[in-house]
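The values are calculated or read from the model by the stated rules, or taken from the named source; none is laboratory data. Being a predicted model, the structure only gives us computed values, none of them experimental. Cβ placement follows ideal geometry from the backbone for every residue including glycine, while neighbour counts extend to all protein chains displayed. Quick note on the areas: whole protein, heavy atoms, side chains included, nothing else; ligands and nucleic acids left out. Shrake-Rupley method; radii C 1.70, N 1.55, O 1.52, S 1.80 Å.
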Amino acid sequence: MNKVSASILTINGGSSSIKFSLFEANGYLRRIYEGAIERIAQSDSTLHVNGLRTEDNFSRGMQVSDYSAAVSVLVDWIQKQHDSETISAIGHRIVHGGPTYSQAQKITPEMVAELHRFSPFDPQHLPGEIELIEVFQNQFPTLLQVACFDTAFHHSLPRVAQLMPIPRRFEAQGVRRFGFHGLSYAFLMEELVRLAGPEAARGRVILAHLGNGASLAAVHKGAPVDTSMGFTPTSGLLMGTRSGDVDPGLVSYLALTENMNTKQFAEMINFQSGLLGISETSADMQVLLDSEKQDVRAAEAVSLFCYQVKKFIGSFAAALGGLDQLVFAGGIGEHASVVRTRICSGLDFLGIEVDHQRNAEHAPLISADVSRVKVRVIHTDEEIMIARTVRGFLDPN
């Protein structure tokens, strides 16, 4: 690996993976390498890294029995590549900031204690992310470490969009619509300013982050108006393995008919549902697209996904009072042109018309010249958003 004089390490812990990147932070941010430990606790766990040089690139299978083992593997690999003097600061993506954190902050013992307190808000992500913080604090005790919250972008949602229609006493406990994918949305809005200008970014915008985790956000005048995810990242539209919104009556029904407890229910809606649950074969959109002509279950999974995204676009356009910009991002949003076509089909009444050649080529602007709404494909980058945020702490001027 090339040695750099100042760098920022970004850590993005998911429920079954840990992504990481190192950015050179001298003058401008340059990605030195990126990698991930994937399929944690499965038989085919892997560590892969892509760097600036060909010899830095590798993919290695390994036995990673649980999240703690994956964290140990990551720390050990980083220490072999870059000593603590090389890394200037570490930025952590924290999925849930709860009611307390509305912006990125330096990690303190008080913050870690607070994160422990509301870890039940997101038991699929927060415990592992807290573990990452604590391990990196132990290994790099002198380094600045910053928490970048995925909920921060949505923290100022209008009150009517925050409220949940359950007894009001739960609001005092912090129960509200939070929204997620905020780091992605913040990056996309910055890119929209760069690509289309500040006036376009202040218009009526719908951002569609469509990947294994998927959500949409409505933005007007640069501020959030609504978002599809709610109290947890399980809600909203169906995803790779997450159910999205389901009838809450299912909890009692399955308890009565299947003797299903809350842990089993959480396992089902987070890891056995969504595209995987409907298709019964795969959570991967491309796999489903390749097999939909031969497998009606795959076809129905794809159709339901596109249908739900279309419905959210319609409802968010209503909340915005119209639509000026539609942005697709995420693994599906950026790479599945047929999914974009199906989502946008029939939305000409909103002013959305897609140019099929541009769409097939994954052009940055895929709307037709006559389309009143500009439809864009923007590659999102949560890691560089974390690095930009951390750099602000290193150099507040």
When T142 is evaluated against the numbered criteria (1) farther than 30 Å from A218 by Cβ; (2) open to solvent by 30 Å² or more (accessible area, probe 1.4 Å); (3) assigned to a helix (DSSP H, G or I), which criterion, by number, is the only one it fails? (3)
In this structure, does L183 turn out to be under 19 Å from F393 (Cβ atoms), surrounded by 15 or more Cβ atoms within 10 Å (Cβ to Cβ), of a type outside the set (V, I, T) and at pLDDT 95 or above? yes
Please determine, by comparing only the residues of segment 254-277 that are more than 21 Å from the chain's Cα centre (by Cα) and of a type outside the set (S, T, N, Q), which one is surrounded by the most Cβ atoms within 10 Å (Cβ to Cβ). M260
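One line per residue, one yes/no per condition, for (1) in a helix (DSSP H, G or I); (2) open to solvent by 50 Å² or more (accessible area, probe 1.4 Å); (3) under 28 Å from E34 (Cα atoms):
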| residue | (1), (2), (3) |
| --- | --- |
| E300 | yes, yes, no |
| F328 | no, no, yes |
| R376 | no, no, yes |
| I386 | yes, no, yes |
Which residue pairs have Cβ atoms under 7 Å apart, sit 6 or more places apart or on different chains, and have a first residue in segment 154-170 that is closer than 12 Å to P99 by Cα and a second that is in a loop (DSSP other than H, G, I, E, B)? H154/F178; H154/G179; H155/S102; Q162/R176; Q162/R177
With the structure loaded, tell me whether M239 is touching a helix residue (DSSP H, G or I) at 6+ places or on another chain (Cβ under 9 Å), over 21 Å from L288 (Cβ atoms) and not hydroxyl-bearing (S, T, Y) or whether it fails that test. no
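Per-residue answers, yes or no, for (1) polar (S, T, N, Q); (2) in contact (Cβ under 8 Å) with a residue 40 or more places away in the chain:
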residue	(1), (2)
S345	yes, no
L350	no, no
D355	no, no
E361	no, no
K374	no, yes
H379	no, yes
V390	no, yes
Identify all residues within segment 243-272 that are aliphatic (A, V, I, L, M), farther than 19 Å from L304 by Cα and outside any loop (DSSP other than H, G, I, E, B); write none if there are none. L250, V251, L254, A255, L256, A266
Note on segment 128-148: residues free of Cβ contacts under 8 Å to residues at least 60 places away in the same chain and touching a Ser or Thr at 6+ places or on another chain (Cβ under 8 Å) are I130, F140, T142, L143
Working only within segment 54-73, note down all residues that are open to solvent by less than 80 Å² (accessible area, probe 1.4 Å) and free of Cβ contacts under 8 Å to residues at least 40 places away in the same chain. N57, F58, G61, M62, V64, D66, A69, V73
Keeping to segment 2-53, report how many residues are closer than 21 Å to G240 by Cα, at pLDDT 90 or above and open to solvent by 70 Å² or more (accessible area, probe 1.4 Å). 1
Considering each residue of segment 284-298, count those that are open to solvent by 30 Å² or more (accessible area, probe 1.4 Å) and in contact (Cβ under 8 Å) with a residue 24 or more places away in the chain, and give that number. 2
